[in-house]
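The structure appears below as structure tokens.
No lab work stands behind these numbers, since they all come straight from the coordinates. Only a predicted model underlies this, so the values are computations on that prediction, with no experimental measurement involved. Positions of Cβ are backbone-derived with ideal geometry, glycine not excepted, and every protein chain shown enters the neighbour counts.
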Ligand code: AMP
Ligand code: ZN
């Protein structure tokens, strides 16, 4: 079987697995994440199977990310969260468990609402020269 045939989100798109639909158009499908880390936790996926952000071309990324404000505003209008995190995990060590590109929309209701992102500032470890060197190294690998 190909990766697409084994893909749980492709099965959701085909209607083989049930889902709670939030939004759909020709290119994109949005549905509730079964884990509901916070109330209204929603996933936005492209209808075209692509594994992760590395395998996503600009045209498909445009389509998926273009729908984020629409769905985010609908969640905001419905549950009046105090904030909202937009998250995309790529590869297993970064927390990806379903290998069909998806964007998490996580409405926030306070510090202890179920979602926790540890963000350690390491700014003291880098001089301005270090930052220039890192930026230059990455920049050399930007392709058109
Ligand atoms: P990630 O860990 O970033 O790959 O996110 C995958 C998400 O898919 C997890 O948060 C799961 O809870 C969610 N998930 C897995 N299976 C289903 C399903 N059948 N319906 C809705 N959400 C699902
Ligand atoms: Zn898929």
Among 23-34, 85-96, 120-131, the order from most to least packed when residues are scored by Cβ within 10 Å on average: 23-34, 85-96, 120-131
0 to 90° range, to nearest 10: angle between helix 68-79 axis and the chain longest Cα axis: 70
Could you tell me how many degrees, from 0 to 90 and to the nearest 10, lie between the Cα long axis of helix 128-139 and the main elongation axis, the longest principal axis, of the Cα atoms of the chain? 50
Would you mind calculating the gained length between residue 140 and residue 26 on full extension (0.36 nm times residue separation, minus the Cα-Cα distance), in nm to one decimal? 37.4 nm
Size of the chain as Cα extents on the principal axes (Å, biggest first): 52, 40, 25
Relative contact order in percent for segment 3-117 (Cα pairs under 8 Å, 6+ apart) equals 28
